[in-house]
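To start, the structure itself, in structure tokens.
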Amino acid sequence: MALLEILTVPDPRLKDASVAVERFDQELRSFIADLEETRQAGPGAVGIAAPQVGRFQRIAIVDVSKTRKPVANHGHLVLVNPEITHWDGFELGREGCLSVPHYTGNVIRAERIRLRAQDAQGEVREFEMEGFEARAVQHEVDHLDGLLFIDRVVSRRTDLFQRKVYQKGGGGKG
Ligand code: NI
């Protein structure tokens, strides 16, 4: 296991789109273990995506089960080649990101989504998600398309907030 280096803004590689995973082998699972270790080392990180550590493949991890306020969730999820197949409703909410260490921002996301993804073994799974978990997944899928939450705020003047203290448990970062 190893901690991986996180790319942060304004690294231009964060704008690159990632490609689909085709091989579900031991190397992939070992990378996912390193990605998970890196997520857990990040302060309060509920998600992480492979391109954030410079691997441009469609892989993300989301786990909102340990947030301070309990939220609907599916536990710890390894999402390979995730695809959002349905969006419903919209909601404004605060987001943070390991790649944007100094700011949080208000972002509009769908309230409910349907998601199809493979797991680390390549098995296809489908989920219905809502609220904070749905938000976290939308944030991570954006990373796979080279988008950051700061690209989605309506106004950088009124919807971006400087972090006072970058501490564990604050905000929800991905
Ligand atoms: Ni992020």
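The values are calculated or read from the model by the stated rules, or taken from the named source; none is laboratory data. Being a predicted model, the structure only gives us computed values, none of them experimental. Using ideal geometry, Cβ is built from the backbone for each residue, glycine included, and neighbour counts are taken over all protein chains shown.
Some observations on this one:
- Leading residue by the ranking (surrounded by the fewest Cβ atoms within 10 Å (Cβ to Cβ)) among those in region 76-102 that are within 14 Å of the ligand (Cβ to nearest atom) and among the aliphatic types (A, V, I, L, M): 100
- Enumeration of residues in region 29-54 that are aliphatic (A, V, I, L, M), more than 10 Å from the ligand (Cβ to nearest atom) and either touching a Cys at 6+ places or on another chain (Cβ under 7 Å) or under 15 Å from residue 66 (Cα atoms) (or both): 41
- Test: residue in region 79-88 that is at positive phi, over 12 Å from the mean Cα position of the chain (by Cα) and not aliphatic (A, V, I, L, M): yes
- Positions within region 43-74 being surrounded by 21 or more Cβ atoms within 10 Å (Cβ to Cβ) and modelled with pLDDT under 95, in sequence order: 45
- Contacts under 6 angstrom Cβ, first residue in region 78-95 being among the hydroxyl-bearing types (Ser, Thr, Tyr), partner part of a strand (DSSP E or B), 6 or more apart: 85/114; 85/116
- Taking the criterion of being aromatic (Phe, Trp, Tyr) and over 24 Å from residue 9 (Cα atoms), the residues of region 76-131 that qualify are 87, 90, 127.
- Any chance residue 51 is part of a loop (DSSP other than H, G, I, E, B), within 24 Å of residue 163 (Cα to Cα), under 16 Å from the mean Cα position of the chain (by Cα) and touching a residue at least 40 places away in the same chain (Cβ under 8 Å): no
- Taking the numbered list (1) modelled with pLDDT of 95 or more; (2) closer than 18 Å to residue 42 by Cβ in turn, residue 110 passes all entries but (2).
- Among the residues of region 1-12, those identified as loosely packed, with under 12 Cβ neighbours inside 10 Å and of a type outside the set (A, V, I, L, M, F, W, C) are 5, 10, 12.
- Options 24, 31; residue that is of a type in the set (Phe, Trp, Tyr) and in a loop (DSSP other than H, G, I, E, B): 24
- Note on region 117-146: residues that are touching a His at 6+ places or on another chain (Cβ under 9 Å) and either within 14 Å of the ligand (Cβ to nearest atom) or part of a helix (DSSP H, G or I) (or both) amount to 1.
- Residues of region 55-75 that turn out to be more than 19 Å from residue 130 (Cβ to Cβ), over 10 Å from the mean Cα position of the chain (by Cα) and within 14 Å of the ligand (Cβ to nearest atom), as a count: 0
- The residue pairs whose first member lies in region 137-151 and is under 21 Å from residue 73 (Cα atoms) and touching a residue at least 60 places away in the same chain (Cβ under 8 Å), whose second member is near the ligand (Cβ under 8 Å from one of its atoms) and assigned to a helix (DSSP H, G or I), and whose beta carbons are closer than 7 Å, counting only pairs six or more residues apart or on different chains, are 139/149; 143/52.
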